[in-house]
1. Any residue at all in the range 15-33 that's part of a loop (DSSP other than H, G, I, E, B) and basic (Lys, Arg)?
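Each reported figure results from applying straightforward, stated rules to the coordinates on display, with no laboratory input. Since this is a predicted model, take the numbers as computed values, not measurements. In this analysis, Cβ positions are derived from the backbone assuming ideal geometry, glycine residues included, and neighbour counts consider all displayed protein chains.
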Amino acid sequence: MYSTVKIKGSPRANKKHIKEIKQKYISILKALAKGKRVGLSNDEQRVLDMWGRRKSLE
């Protein structure tokens, strides 16, 4: 889990909000998987830190 999502509003609005958040984290994980380590956003750095320090992408 990378964040807590607060939902309030209509089911349609909630579904859209959750979809946007999922896409955000998919993008973050793809960037990190490709080796991005410089110029990270706060969210990218936070997610990377959750995985711990690794010397390489092996």
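1. The first filter runs over the range 15-33 and keeps only residues part of a loop (DSSP other than H, G, I, E, B), leaving none.
For the range 15-33, residues part of a loop (DSSP other than H, G, I, E, B) and basic (Lys, Arg): absent.
Table: residues versus (1) touching a Lys or Arg at 6+ places or on another chain (Cβ under 8 Å); (2) loosely packed, with under 14 Cβ neighbours inside 10 Å; (3) among the charged types (D, E, K, R).
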residue: LYS19; (1), (2), (3): no, yes, yes
residue: LYS22; (1), (2), (3): no, yes, yes
residue: LEU29; (1), (2), (3): no, no, no
residue: LEU32; (1), (2), (3): no, no, no
residue: GLY35; (1), (2), (3): no, yes, no
residue: LEU40; (1), (2), (3): no, no, no
residue: GLU44; (1), (2), (3): yes, no, yes
residue: LEU48; (1), (2), (3): yes, no, no
residue: TRP51; (1), (2), (3): no, yes, no
